[in-house]
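The next block holds one structure in the form of structure tokens; read it before the comments.
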Number of protein chains: 2
Amino acid sequence: MAVTELFRALGDPTRLEMVRRLSSGAPHTITSVSSGLQISRQGARKHLQILADAEVIMLEPRGRDTGVRLDRDTLEQGKAFIAELELRWDTRLEALRSFVDDE
Amino acid sequence: MAVTELFRALGDPTRLEMVRRLSSGAPHTITSVSSGLQISRQGARKHLQILADAEVIMLEPRGRDTGVRLDRDTLEQGKAFIAELELRWDTRLEALRSFVDDE
DNA sequence: AATTAATGCAACCATTTAGTTGCTTATTCG
DNA sequence: CGAATAAGCAACTAAATGGTTGCATTAATT
């Protein structure tokens, strides 16, 4: 399931920091989104590939550098997944409450 | 950051399936939440420990067996984290739009 | 009391992951 | 053109991960 891949992609401090940077909305390139992280350029690049594979980001080569953008839809799916879990849970608890009220 | 651990915990198909089962609200034990998964009991137990460490679930030993419950707050934090990312993004896009409108 | 059921602990193994370095390629800028 | 900048590809390594098995323990059942 795709949501597994999404959560896995977000489940790393470096990648989460990248995503946080991107969420500012400022335009980013591979270099800029990787700057200051305590890892090599190639290390950062691997993380970006994982995010791209999970469709958390989109890589857009433009001439010499490559733009990096968040994919809003994918993040939304993650949020929706959790919301659905919570809903299922709430529904069940509600059912229990009715049951108790009927006693 | 704790949210990293949360996402990492959710980023595995077996663990996500366990969480899905728990979200039904039906009471579960280690055995019941692990039943039918194509892994050994100990394999499943390791997954549950990871979920417990990330505070996605709570393990409650009661006599011979151990209850397993979802920790709603933690899931909520995950959802809130994504929501905040989206909000930051929206805010920025809104700012850009104003800028364009001012042209 | 004896058995069965539900766990826990620990050692071990194969694969994946996060990270590196070295080298190459392709734009852009002076 | 030549230098510098942004990036790609590949090979390699250490550590983490997901999985196993074997054995011990504790609690419920009959």
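The values are calculated or read from the model by the stated rules, or taken from the named source; none is laboratory data. Since the structure is predicted, the reported quantities are computational estimates derived from the model, not experimental observations. Cβ coordinates were reconstructed from backbone atoms using ideal geometry, including for glycine residues, and neighbour counts include every protein chain displayed. Surface areas here come from the heavy atoms of the whole protein model, side chains and all, with no ligands, DNA or RNA. Shrake-Rupley method; radii C 1.70, N 1.55, O 1.52, S 1.80 Å.
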Quiz item: Using a cut-off of 21 Å between alpha-carbon atoms, which lysines can reach A:K79, once sequence neighbours fewer than 8 places away in the same chain are excluded?
Solution: B:K79
Quiz item: Relative contact order, percent, of chain A when contacts are C-alpha pairs under 8 Å separated by at least 6 residues?
Solution: 28 percent
Self-check item: From phi via Karplus (6.51, -1.76, 1.60), per-residue ³J(HN,Hα) for segment B:35-45 in Hz, x at Gly/Pro
Solution: 5, x, 5, 7, 9, 5, 4, 5, x, 4, 4
Quiz item: Relative to the other copies, what are the label-point distances for A:E76, with labels 7 Å from Cα along the C-beta vector, expressed in nm at one decimal and sorted shortest first?
Solution: 2.5
Quiz item: For chains A and B, what's the summed buried accessible area, probe 1.4 Å, to the nearest 100 square angstrom?
Solution: 3200 Å²
Quiz prompt | Choice from B:L37, B:L22, B:L48 with maximal GNM fluctuation in chain B (Cα, 10 Å cutoff) | solution = B:L37
Quiz item: Can you give the calculated 222 nm mean residue ellipticity of the protein assembly as shown, where each DSSP H run of n ≥ 4 adds -39,500 (n - 2.57) and the sum is split over every residue, rounded to the nearest 500 deg cm²/dmol?
Solution: -21500 deg cm²/dmol
Practice problem: Using +1 at the Cβ of each Lys and Arg and -1 at the Cβ of each Asp and Glu in segment B:2-101, identify which of B:V19, B:L48, B:L37 lies farthest towards the dipole's positive end. | Solution: B:L37
Quiz item: Please identify the trypsin sites (Lys or Arg not before Pro) of segment A:1-93 that satisfy two criteria: DSSP loop assignment and at most 13 other Cβ atoms within 10 Å. Which are they?
Solution: A:R64
Quiz item: Measuring with a 1.4 Å probe in the full set of protein chains, what accessible area per residue, in whole Å², belongs to the protein assembly as shown?
Solution: 58 Å²
Quiz prompt | Solvent-accessible area lost in complex, 30 Å² minimum, residues of segment B:1-50 relative to chain alone, 1.4 Å | solution = B:T4, B:F7, B:R8, B:L10, B:G11, B:L16, B:R20, B:S23, B:S24, B:G25
Quiz item: Under Stokes-Einstein, with the Kirkwood radius over Cα pairs standing in for Rh, what whole-number D in µm²/s applies to chain B at 37 °C and 0.692 mPa s?
Solution: 212 µm²/s
Quiz prompt | Other-chain or far-sequence residues with amide H under 5 Å of A:I57's (modelled H) | solution = A:A52, A:D71
Quiz item: Ignoring ligands, DNA and RNA, what percent of the 1.4 Å accessible area of segment A:2-102 is carbon and sulfur?
Solution: 52 percent
Exercise. For the protein assembly as shown, give the magnitude of the charge dipole about the Cα centre (Cβ charges: +1 Lys/Arg, -1 Asp/Glu; no others), in debye to the nearest 20.
Key: 1020 debye
Quiz item: What is the mean projected area of the alpha carbon convex hull for the protein assembly as shown, to one decimal in square nanometres?
Solution: 15.9 nm²
